[in-house]
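Below is one structure, written out as structure tokens; comments come after it.
The values are calculated or read from the model by the stated rules, or taken from the named source; none is laboratory data. Every value quoted in this text rests on a predicted model; they were computed, and no experiment measured them. Using ideal geometry, Cβ is built from the backbone for each residue, glycine included, and neighbour counts are taken over all protein chains shown.
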Amino acid sequence: MTPSRTARWTAAWLIAAAWAFSFPLVSSLGPHRLWGWCAGAGYLAAAGATACGRRRAALGAALTGAIAVPLLYLVLTGQGQSEVGVIERSGRLLLTSGRMYVDQPAGVEDYTPYLPGMALLGIPRALLEGAFGAGGDWAVRLLGDARIWCAAALFGGMWAGRRLLGGVRSPLLPLLVASPVVALPLAVSGVDLPLAGLCCLALAAAGSGRPGLSGAALAAACALKWTALPAVAVAVALLGVVRGARDAVRCAAVAALGTALLVLPGLLLQPAELWRQVFAFPTGRADVPTPASSPLPGHLLAGLGPWGWHLTVGLLAVGGLVVAASLVVRPPRTVVAAADRLALGLTLAFLLAPAGRFGYLALPVLLVAWARSTAGPGVSRVVARSGERVARPAGAPHPSGARRGSHDAP
């Protein structure tokens, strides 16, 4: 590593440490404060190791301080954001009653602002408690905690996506995992991680010309949170370029059918609660105000009164139409471009939503960084129609086994 690059990475770890150490000072949430102390120490150690030229030691210190220590402690002590308990409660309700929503919720803690697919991530805890009891056994907590399964969905999606694209092993991926973008939600909540992993897999499958797999991943994502819907449009647009209209339609059909199969039972059993808790509550239209109230533009506008709420919803719709039009006029031709377009759409949605959190913006950042980590140095990011050149390491033989001639695309 050159001296200038060493200085840049040392500075990056120091910035991450400063950001982590701010949590004990500004956050009122115990899990966030604990994460801040642990992660800050880990990032400081990473900065010191980087300055000494020990890159692997730096990564190990960051992963230990930002993920391993806080996650293990919070899981074993049963601490975390309320979302963890909400997912696990949904799993218990699904196993015992076939439903996942609390009828007539009285307080914030009774609401489940997720689609029925999220309950599947709470089933492991319910099964382990049924087998071994809910007496706080460490194995039940460690193996059943919803954060563990959310993390498994994230890492599984990112790994599978990279394999589909044939990307070389990139140092960016473990650095991305160690960064606050992944480490904080992984340790304290984990609720958005499965969505991110499935979106990565869906884009990779679309970019590699696998419409069925892309549609299945999109269906799983859309069954978790309705914010996954923009990913369907982006993946379909990418497939239209990679494989043509037929495979794009096939992907959309698989996504629609799969989503319906996963969501329809909950809709039929509890239509009023699904509407109240999944749509009205997150947008600030339920009887109980949502705690997602970061001072983002949409929330500030919605706080001005009924006209402000309608205005921000209108702006949100206009933003969605603009991004959709861009997919028609200039569809993405690479996985990186598709991830960027999806990140743009999600960023607009989170900024203009009537209620939101700054933490939601981690999802677009993760998508952009992951896409670039799958195409390391020397790997083409070009995707094309079936039979043409696709992403492969530089210098690798042409798929036909012959050298490219003058007629091949540059």
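Say whether the condition of being small (G, A, S), touching a residue at least 40 places away in the same chain (Cβ under 8 Å) and outside any helix (DSSP H, G or I) is met by at least one residue in the range 201-222. Yes, the range 201-222 has at least one match. Residue by residue through the range 107-150, note down the ones that are of a type in the set (G, A, S) and without any contact (Cβ under 8 Å) to a residue 60 or more places away in the chain. If the condition is that a residue be of a type in the set (G, A, S) and without any contact (Cβ under 8 Å) to a residue 60 or more places away in the chain, then A119, G122, A126, G130, A131, G133, A134, G135, G136, A139, G144 are the ones that fit.
Within the bounds of the range 326-339, is there any residue that is crowded, with 21+ Cβ neighbours inside 10 Å, within 22 Å of S179 (Cβ to Cβ) and in contact with a Phe, Trp or Tyr (Cβ under 9 Å, 6 or more places away or on another chain)? Within the range 326-339, one or more residues are crowded, with 21+ Cβ neighbours inside 10 Å, within 22 Å of S179 (Cβ to Cβ) and in contact with a Phe, Trp or Tyr (Cβ under 9 Å, 6 or more places away or on another chain).
When every residue of the range 51-63 is checked against the conditions, at least one turns out to be buried (at least 18 other Cβ atoms within 10 Å of the Cβ), under 20 Å from the mean Cα position of the chain (by Cα) and among the hydrophobic types (A, V, I, L, M, F, W, C).
Any idea how many residues of the range 117-135 are of a type in the set (G, A, S) and at pLDDT 85 or above?
Within the range 117-135, the first condition is being of a type in the set (G, A, S), and the residues that meet it are 117, 119, 122, 126, 130-131, 133-135.
If we keep only those that are at pLDDT 85 or above as well, we get 117, 119, 122, 126.
Of the residues in the range 117-135, 4 are of a type in the set (G, A, S) and at pLDDT 85 or above.
Tally time: how many residues in the range 342-358 are within 15 Å of the chain's Cα centre (by Cα), in contact (Cβ under 8 Å) with a residue 40 or more places away in the chain and crowded, with 18+ Cβ neighbours inside 10 Å?
First, pick out the residues of the range 342-358 that are within 15 Å of the chain's Cα centre (by Cα): 342-347, 349-350, 357-358.
When the remaining residues are screened for being in contact (Cβ under 8 Å) with a residue 40 or more places away in the chain, the result is 342, 345-346, 349-350, 357-358.
Retained after the next criterion (residues that are crowded, with 18+ Cβ neighbours inside 10 Å): 342, 345-346, 349-350.
Selection size over the range 342-358: 5.
Only one of these conditions is not met by A255: (1) under 26 Å from I87 (Cβ atoms); (2) touching a residue at least 60 places away in the same chain (Cβ under 8 Å). Which number is it? With respect to (1) under 26 Å from I87 (Cβ atoms); (2) touching a residue at least 60 places away in the same chain (Cβ under 8 Å), A255 is out only on (2). For the range 297-315, filtering for residues that are under 20 Å from A228 (Cα atoms) and either aromatic (F, W, Y) or modelled with pLDDT under 80 (or both) leaves 1. If you scan the range 122-158, which residues turn out to be surrounded by fewer than 15 Cβ atoms within 10 Å (Cβ to Cβ) and either in a helix (DSSP H, G or I) or touching a Gly at 6+ places or on another chain (Cβ under 6 Å) (or both)? Matches in the range 122-158: G130, A131, F132, W138, A139, L142. Taking the range 258-362 and the helices (runs of 4 or more DSSP H) fully enclosed by it, the elements with 2 or more residues that are out of contact with any helix residue (DSSP H, G or I) (no Cβ under 7 Å at 6 or more places or on another chain) are at 271-274, 297-302, 306-329. Taking the range 78-89 as the range and being under 19 Å from L120 (Cβ atoms) and more than 20 Å from the chain's Cα centre (by Cα) as the test, only R89 passes. Listed by first and then second residue, the pairs linking a residue in the range 45-56 that is under 22 Å from F21 (Cβ atoms) to a residue that is β-branched (V, I, T), with Cβ atoms under 9 Å apart and 6 or more places separating them unless they lie on different chains, are A45/T64; A46/T10; A47/T10; G48/T10; T50/T6; T50/T10; A51/T6; A51/T10. Among the residues making up the range 12-32, those that are without any contact (Cβ under 8 Å) to a residue 24 or more places away in the chain and surrounded by fewer than 16 Cβ atoms within 10 Å (Cβ to Cβ) are I15, A18, S22, P24, L25, V26, S27, S28.
For L186, state whether it is touching a Pro at 6+ places or on another chain (Cβ under 8 Å), crowded, with 21+ Cβ neighbours inside 10 Å and within 28 Å of Q79 (Cα to Cα). Spelling it out, it is not the case that L186 is touching a Pro at 6+ places or on another chain (Cβ under 8 Å), crowded, with 21+ Cβ neighbours inside 10 Å and within 28 Å of Q79 (Cα to Cα).
Taken over the range 245-292, the criterion of being surrounded by 15 or more Cβ atoms within 10 Å (Cβ to Cβ), among the acidic types (D, E) and farther than 19 Å from M118 by Cα is satisfied by D247 alone.
Is it the case, given these coordinates, that V102 is among the aliphatic types (A, V, I, L, M) and either in contact with a strand residue (DSSP E or B) (Cβ under 9 Å, 6 or more places away or on another chain) or not in a helix (DSSP H, G or I) (or both)? Taking the combined requirement at face value, the residue satisfies it.
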